[in-house]
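Remarks on the structure that follows.
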């Protein structure tokens, strides 16, 4: 099958999300296939942050009357627009790492069994869980597969990535939640904003807003606790933003009812403003259209990989079925690291590398055109066919 | 003694910091005496954040090559410019609450004794310490005074505010650190950027950047760990940003050498950019001039309080000696709450209220003119003399 650039152009012309791409700033001279690592800035976010700085100037501390609501108000927006959760179940706060720490700690106090994840889960998740297990005197198990992790977590706490960061495998969240008696913490960092998320059956979750939600580097993360569980769960980090009658400043910690008990210190207001602004774009697109685009653009990318890259020694190791896949593709190649560097430096295509041998191409649905996938993969095949990557210096690892 | 507005104008004319005030945005129609709660935005910060958003647009994920250094690079700036600490001892990260949690946890693993603070310490500190003590199986003691806390902390962990949030009392940090065998965690939230801080003798500290450092609402906080202690201390929150060879993504947590081991998740880059930009202004001013202004402007405010407010039932309860005082003044009055509200709503003067009976007037050295102190206190005396505050509705508590 021959896939021409004209085919890609036709797909873009028919893409209902295409007009929204104009709101994003694409790095000049680059084909950006790394929105799974850092999403692009939109004019909406730029304007939203500028407006926040203006508000700070005009109202200073008095603006806190409104700012104080942002972590739960924007949490409710995430819940309704993206996560299939109810009002009062999502809080925007801190980082994924800190939020997972809070929920894993609370979950360990709730379930006596082991704390379990799989070895393919994202590093910070594994490190946090290992630490919590040691602190709470629980066994920590890093299973060799998701299936083995589910098996081994009975009676304990299970943490799984909804979409895995390396291969892009998308798990069946409701099915796994329903099949285990473990308390499951879902990490939605690589799924929220890329695929449909349905937390209706879920107990606990955390997620990131700087990838597919385009809220900016280090933008605040979110956490989800099922409403019926909230009263039984306590954050280990007893901060004033989670305390009843916060400004009473009374002795003793007494957490608020509801999701606010998982707040700790003062939230980043510019970060919340950025998230609020990016949700304007995402709600305009709608997660069902975003998820549909994710499936078709990754299908398109896989077709290109089959046609062009397999003959050059690449193995596309992401799931073949779009229903089991997030919005990035993993391409295994023994020279993936120098290829990734050379692709950036010699061909202007931004992807990233994951140990030991995976080149990731992120096809973030809102910001990636079909022609971007076509151009990016075309340059990749030319590069590898020419052997130019063989001359690539081993460069210091870029942060991704 | 009669103090005229002309006296205030003369003091402003002689103030070497006066020209820098033009870089800050004062809320229109307000006299702002609340920089101890939220510092004002400067054009430097506004431009710094705009530049960061531009950088994100132009370079996207590739900008992480530079961003990754910000938490330690700006930590070093804080160390050198404001804290009397050495390079490699300060990290910018998370919130004060989360940073105190990390250090208190690590300190408790280091010292077997009780975890002690005083009942006048800031609420989030007390709540965090109570939680850490319970988790680590330590006794938690909330002493009735700083002196009793120092007494009771022997062999354990002691947490003290360098400047207390309510009365503005400034403790002798080196003397207390030298006099106790407890591991002391200093909270510099109400001192950093207002008074001189000398951490040379200190072991551990945390602090805030959105008060006297003017880095914005929820801007990232900092933490300090004495170099010689770092290897013995472990953060309870084992995040990927604190791990050796972060992007190796290997199994098992292995913290980096140095202060970076207290990093957790992805830091807020816009927050770091704001802090970097505000430090340009603060370094231009210099902490010795800032601290000198803090002493003289609070002296001036106390003179006004003695002359005008004492006869109206106010008691100035901040230390009389400038050497023992931060940059805010506590005025006790039985009707402090309605006075604070009426002063804002009827006279446009922004102060804040602290339970049970304290009106705080923040005289943030960089952004408060002597005429602001004069005008604010003049309106306060007129308001209370007129009895207008007696008609003040009990309004919902403003966040401060």
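Just so it is clear, none of the values below were taken in a lab; they were calculated from the coordinates. Owing to the predicted nature of the structure, the values given are computational and were not obtained by experimental measurement. Ideal geometry is used to build each Cβ from the backbone, glycine not excepted, and the neighbour counts take in all protein chains shown.
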TODO: Grab the beta carbon distance between residue A:345 and residue A:315, set R0 = 22 Å, and tell me the FRET efficiency rounded to 0.05.
DONE: 0.40
TODO: For a footprinting-style exposure proxy, rank B:41, B:150 by other Cβ within 10 Å, fewest first.
DONE: B:150, B:41
Open item on the list: Going 7 Å from Cα along the Cα-Cβ axis for the label, what nanometre distances separate residue A:317 from the same residue across the other copies?
Closed with: 6.5
Open item on the list: From the helices alone, meaning DSSP H stretches of at least four residues, give me the mean residue ellipticity at 222 nm for chain A, per-run term -39500 (n - 2.57), in deg cm²/dmol to the nearest 500.
Closed with: -11500 deg cm²/dmol
Task: For segment B:109-250, convex hull of alpha carbons as volume per residue, Å³ - done: 130
Open item on the list: Counting other beta carbons within 10 Å of each residue's own, what order do B:31, A:237 fall into, fewest first?
Closed with: B:31, A:237
TODO: Grab the Cα-Cα distance for residue A:119 and residue A:58, subtract it from 0.36 nm times how many residues apart they are, and report the gain in nm with one decimal.
DONE: 17.0 nm
TODO: Please identify, among B:317, B:90, B:206, the residue showing maximal mean-square fluctuation in a Gaussian network model of chain B using a 10 angstrom Cα cutoff.
DONE: B:317
Open item on the list: Between helix A:96-110 and chain A, what is the angle of the helix's C-alpha long axis to the longest principal axis, kept within 0 to 90° and rounded to the nearest 10?
Closed with: 50
Open item on the list: I'd like the antiparallel share, as a percent to the nearest 5, of DSSP beta bridges with both residues in the protein assembly as shown.
Closed with: 55
Task: Volume per residue of the C-alpha convex hull in segment A:45-285, rounded to whole Å³ - done: 114
- [ ] Could you work out, for segment A:254-338, what percent of all Cα-Cα pairs fall into each 10 Å distance bin, beginning at 0 Å and stopping at the bin that holds the largest distance?
- [x] 14, 26, 22, 22, 12, 3, 0
TODO: Taking 7 Å along the Cα-to-C-beta vector as the label spot, tell me the residue B:257-residue B:4 distance in nanometres, rounded to one decimal.
DONE: 6.6
Open item on the list: If you take each beta carbon of peptide B:243-253 and count the beta carbons of other chains within 10 angstrom, what is the mean?
Closed with: 5
Task: Label point 7 Å beyond Cα along the C-beta direction, distances from residue A:73 to other copies (nm, shortest first) - done: 3.5
Task: Number of partner chain Cβ atoms within 10 Å, mean per residue of B:26-38 - done: 3
Open item on the list: For segment B:144-205, take the convex hull of the Cα atoms, compute a quarter of its surface area, and give me that in nm², please.
Closed with: 3.9
- [ ] Please report how far the C-alpha centroid of segment A:102-138 lies from that of segment B:348-375, rounded to the nearest whole angstrom.
- [x] 46
Open item on the list: Going by Cα centres, segment A:1-55 and segment A:280-344 are how many Å apart?
Closed with: 16
Task: Modelled FRET efficiency - R0 51 Å, residue A:299 with residue B:110, Cβ distances, 0.05 increments - done: 0.40
- [ ] For residue A:258, go 7 angstrom from Cα along the Cα-to-Cβ vector, then report the distances to that same point in the other copies in nm, smallest first.
- [x] 4.4
Open item on the list: Just to be sure I understand: with springs between alpha-carbon atoms less than 10 Å apart, which residue in B:131, B:29, B:155 has the highest mean-square fluctuation in the Gaussian network model of chain B?
Closed with: B:29
Open item on the list: As a test of the definition: which semi-axes, in Å, follow for segment B:250-396 when you take the square root of five times each eigenvalue of its alpha carbon gyration tensor? Largest first, please.
Closed with: 38, 20, 15
TODO: Using only Cα atoms, tell me the angle between helix B:370-386 and the longest principal axis of chain B; keep it within 0 to 90° and round to the nearest 10.
DONE: 60
Task: Ranked list, fewest to most other Cβ atoms within 10 Å of each Cβ, for A:337, A:249 - done: A:249, A:337
Task: Antiparallel DSSP beta bridges within segment B:45-285, as percent of all bridges there, nearest 5 - done: 40
Open item on the list: Give me the one-decimal nm value for the distance between modelled label points at residue A:306 and residue A:145, 7 Å along each residue's Cα-to-Cβ direction.
Closed with: 2.4
TODO: Obtain the nm distance between the two label points defined at residue A:382 and residue B:250 by a simple spin-label model: each point lies 7 Å from its Cα along the Cα-to-C-beta direction.
DONE: 3.9
Task: Stokes-Einstein diffusion coefficient of the protein assembly as shown, Kirkwood radius over Cα pairs, 4 °C, 1.567 mPa s, in µm²/s - done: 47
TODO: Please compute the Cα-Cα pair-distance distribution of segment B:17-141 with 5 Å bins starting at 0, giving whole percents from short to long.
DONE: 2, 8, 11, 13, 15, 16, 14, 10, 7, 4, 1
Open item on the list: Nearest 10 degrees is fine. How inclined is helix A:269-285 to the longest principal axis of chain A, computing both from alpha carbons?
Closed with: 60
